[in-house]
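Visitor: One structure is given below, represented as structure tokens, and several questions about it will come after.
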Amino acid sequence: MSRVLVLSSYGVGAGVGAHYPPVQEFERELARLGTGADLVVHHARSLQAHADFLRSLSVNPALVYACGSSVMEVAARVLDERGASGVPIVYWGSHIADCGELVNPRPSSPWISGVDVPMPLYHSHRHFRLLKRLFPNLEQVHCAFSMDSAFVRGARRARYERALARERANPWIPSGAELSAFPGLGRLGELIDVAVFEHPCADPERAAQAARAIPPAARRAPDAVRACLISCIDCLHIDGAVEQMARVASESGVPFIGLNFGAFLPQHGPILSFESDLIGASRLAARMAHDLLRRARRPDRERIAAYDQFVLRLHPALAGAWGLRLSDREQAWILKSFGRTLASTHEETP
């Protein structure tokens with residue numbers, strides 16, 4: 001039986017590790033296909049912890065399944081260090097996260113296959129406009145980006161490092177300014193008449209400070225919201241940062257919005273999560289893994305499949321407390337505007 005190593009950093013509440021839905025779906029699909037794989041799941045928020053675990057292995061796995069492009073990059077680098085770059089890697093992850101701009105390159109190794117899922121909300125103006133549909137008087141959008149992420153590399157990381165060194169008193173950078181890493185977000189903001197700010201998320205204390213600096217709503221109602229806080233799931237790589245942002249935002253009266261969270265923190269949300277369909281992406285990744293394990297076929301250099309299905313997930317209690325309820329008419333508008341599958345769901349944390 002082939003040994004498949006699963007590397008996972010994401011999930012909240014009880015839905016982590018082997019209980020993370022994209023891991024469960026990957027395992028289910030392999031079982032349905034009759035692959036006969038033995039899955040070993042390693043969960044760690046820290047990318048360094050994944051690297052250390054891979055270096056500690058006495059035997060290389062037959063295949064690696066990496067949940068997220070940041071985790072995939074770590075797996076590829078360490079396997080190469082071990083002289084095991086021929087171990088196939090399958091993954092799902094985002095490469096475009098700034099108004100259609102390729103932020104982190106797609107892997108060129110012939111041994112890496114994957115599912116490219118566009119970053120929801122930041123991908124296009126059609127996604128971004130939904131913020132104004134939900135909060136009609138919105139004026140400011142505050143976006144946190146993990147410093148430990150495939151999205152913050154090279155020149156982008158250098159700009160954020162300068163921002164952290166220079167502007168300790170101000171945790172927010174206007175998108176498009178000198179030290180902005182994602183200027184395309186500023187252009188998206190102009191389209192819906194909002195100002196966009198970025199936060200280089202490097203530690204939980206500064207993340208909490210950033211959340212406190214956001215203007216709160218006068219009351220918990222969609223038309224009273226002037227500013228919101230958005231965190232990509234990659235901020236989970238900074239241990240404790242997401243929990244701090246969610247807690248402070250909840251206490252301050254600022255809507256906290258997640259990207260690709262898939263579930264909710266037990267107390268503080270997010271109140272809603274814009275998501276790629278990571279369950280469907282995991283299913284596609286499992287089919288790639290099955291093909292590689294059973295047929296022992298070298299993957300093609302271009303085996304990166306695009307998958308652009310989306311889900312809008314509302315927290316069943318917190319969204320209601322903010323007065324966010326999608327009527328049939330609202331859902332019809334969403335479907336028409338996006339031209340893709342987008343659904344609202346009301347699920348508790350697993």
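The values are calculated or read from the model by the stated rules, or taken from the named source; none is laboratory data. The structure presented is a predicted model; accordingly, all values stated were derived computationally and were not measured. Using ideal geometry, Cβ is built from the backbone for each residue, glycine included, and neighbour counts are taken over all protein chains shown.
Visitor: Picking from VAL59, VAL74, which residue would you name as being crowded, with 18+ Cβ neighbours inside 10 Å and of a type in the set (Val, Ile, Thr)?
Guide: That would be VAL74, the only listed residue that is crowded, with 18+ Cβ neighbours inside 10 Å and of a type in the set (Val, Ile, Thr).
Visitor: Could you check the stretch 286-334 and list, in sequence order, the residues that are in a helix (DSSP H, G or I), modelled with pLDDT under 85 and under 22 Å from the mean Cα position of the chain (by Cα)?
Guide: Listed by number, the list holds a single entry, ILE334.
Visitor: May I pose another question? Can you pull out the residues in the stretch 107-119 that are closer than 21 Å to GLN309 by Cβ and either modelled with pLDDT under 80 or not charged (D, E, K, R) (or both)?
Guide: Passing the criteria: SER113, GLY114, VAL115, VAL117, PRO118, MET119.
Visitor: Enumerate the strands (runs of 3 or more DSSP E) found wholly within the stretch 1-106, keeping only those where 1 or more residues are of a type outside the set (S, T, N, Q) and modelled with pLDDT under 95. Can you show your working first?
Guide: Details: elements: 2-8, 37-43, 63-67, 89-93, 96-98.
Qualifying strands (runs of 3 or more DSSP E): 2-8, 37-43, 89-93, 96-98.
Visitor: Evaluate the stretch 195-213: report whether one residue or more is crowded, with 20+ Cβ neighbours inside 10 Å, closer than 30 Å to ALA319 by Cα and over 21 Å from the mean Cα position of the chain (by Cα).
Guide: no
Visitor: Out of GLY240, GLY280, I need the residue that is closer than 21 Å to VAL117 by Cα and either among the hydroxyl-bearing types (Ser, Thr, Tyr) or surrounded by fewer than 20 Cβ atoms within 10 Å (Cβ to Cβ) (or both). Which one?
Guide: GLY280
Visitor: Can I ask one more? Go through the stretch 119-135 residue by residue and tally those that are in a helix (DSSP H, G or I) and within 17 Å of TRP322 (Cβ to Cβ).
Guide: Total meeting the criteria: 5.
Visitor: So MET1 passes all but one of these: (1) in contact (Cβ under 8 Å) with a residue 40 or more places away in the chain; (2) touching an Asp or Glu at 6+ places or on another chain (Cβ under 6 Å); (3) surrounded by fewer than 18 Cβ atoms within 10 Å (Cβ to Cβ); (4) not charged (D, E, K, R). Which condition number does it fail?
Guide: Exception for MET1: condition (1).
Visitor: Here is a follow-up. Report, by residue number, each residue of the stretch 253-272 that is over 18 Å from HIS199 (Cα atoms) and over 10 Å from the mean Cα position of the chain (by Cα).
Guide: GLY253, ALA263, PHE264, LEU265, PRO266, GLN267, HIS268, GLY269, ILE271, LEU272
Visitor: Which of (1) at positive phi; (2) in contact (Cβ under 8 Å) with a residue 24 or more places away in the chain is the odd one out, the single condition LEU47 does not satisfy?
Guide: Result: LEU47 fails condition (1) only.
Visitor: Pairs, please: C-beta under 7 Å, at least 6 apart or cross-chain, first residue without any contact (Cβ under 8 Å) to a residue 40 or more places away in the chain and in the stretch 250-267, second charged (D, E, K, R) and surrounded by fewer than 20 Cβ atoms within 10 Å (Cβ to Cβ)?
Guide: Every condition considered, the pairs that remain are GLY253/ARG220.
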